[in-house]
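Written out below as structure tokens is the structure these notes cover.
The values are calculated or read from the model by the stated rules, or taken from the named source; none is laboratory data. The structure displayed is predicted, hence computed values, not measured ones. Please note: Cβ atoms are built from the backbone with ideal geometry, for glycine as well, and neighbour counts cover all protein chains shown.
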Amino acid sequence: MTSLLKTEASPYKEIDSEMDKSTDVVWHLASVSHQDRVVANGHQGAVLWFTGLSGSGKSTVANAVDKMLHDLGAKTYVLDGDNVRHGLNGDLGFSDSDRIENIRRIGEVAKLFVDAGLLVSTAFISPFAADRGLVRGLLGDKSFIEVFVDTPLEVCEQRDPKGLYKKARAGEIKHFTGIDSAYDVPVSPEIHVQTANQDVQQCAMQVIEYLKAKGLMN
């Protein structure tokens, strides 16, 4: 079964970063500081960046983690790939350049959530290592936790919850990750879960245990 999984950064075209930016725009300092919010929430803010192929279980695991964190009293939110494309990124397609912009916008939104002291989970394929690296650089290593939802392509195709692989194999969908668009496998993610041989609760608990071990949750 042919796939485009890769272990190195994909050779994709970079989008033009030159924008017509005003030099009069300055960051507004809020009356309630980041530290004030952290104290009120009872924990540090961070991003759990779930990445993996379509059908790997990213959203399912992210939501299970979110529920566990919520039950523990944490302030949380989930940014799901499909949900974000209904609004904020509704103008983007699935070309390489649009995927890059999709992740750039989510990185900026996630940064605001971290500033608010939340534990935010993002469930996006985010196929390019370079883009995930940009978000890590934006947030910093302490606030960016890469969660690789590692599920073999064959398993993802067998699940195919939305029928997307079937359409991609039939040529009805172009630029589909793992079929005719590359996925850069994370080299050293903070958390590595395998949904093919772990159930959802086991995967979610692995994430919770990591957060507790790092002192992000009590």
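Below is a table of values for the structure above.
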| item | result |
| --- | --- |
| Enumerated helices (runs of 4 or more DSSP H) restricted to region 144-218, each holding at least 1 residues that are within 30 Å of His43 (Cα to Cα) and among the β-branched types (Val, Ile, Thr) | 200-213 |
| Subset of region 77-92 (residues that are closer than 22 Å to Gly57 by Cβ and charged (D, E, K, R)) | Asp80, Asp82, Arg85 |
| Among (1) in a loop (DSSP other than H, G, I, E, B); (2) more than 13 Å from the chain's Cα centre (by Cα); (3) on the phi < 0 side of the Ramachandran plot; (4) crowded, with 18+ Cβ neighbours inside 10 Å - the single one Gly93 does not satisfy | (4) |
| Selected residue (only one of Lys174, Lys167 is surrounded by fewer than 22 Cβ atoms within 10 Å (Cβ to Cβ) and at pLDDT below 90) | Lys174 |
| Residue list for region 56-73, restricted to those being of a type outside the set (Ser, Thr, Tyr) and buried (at least 19 other Cβ atoms within 10 Å of the Cβ) | Gly57, Lys58, Val61, Ala62, Ala64, Val65, Asp66, Leu69 |
| In region 33-62, the residues that are in a helix (DSSP H, G or I) and closer than 29 Å to Glu154 by Cα | Lys58, Ser59, Thr60, Val61, Ala62 |
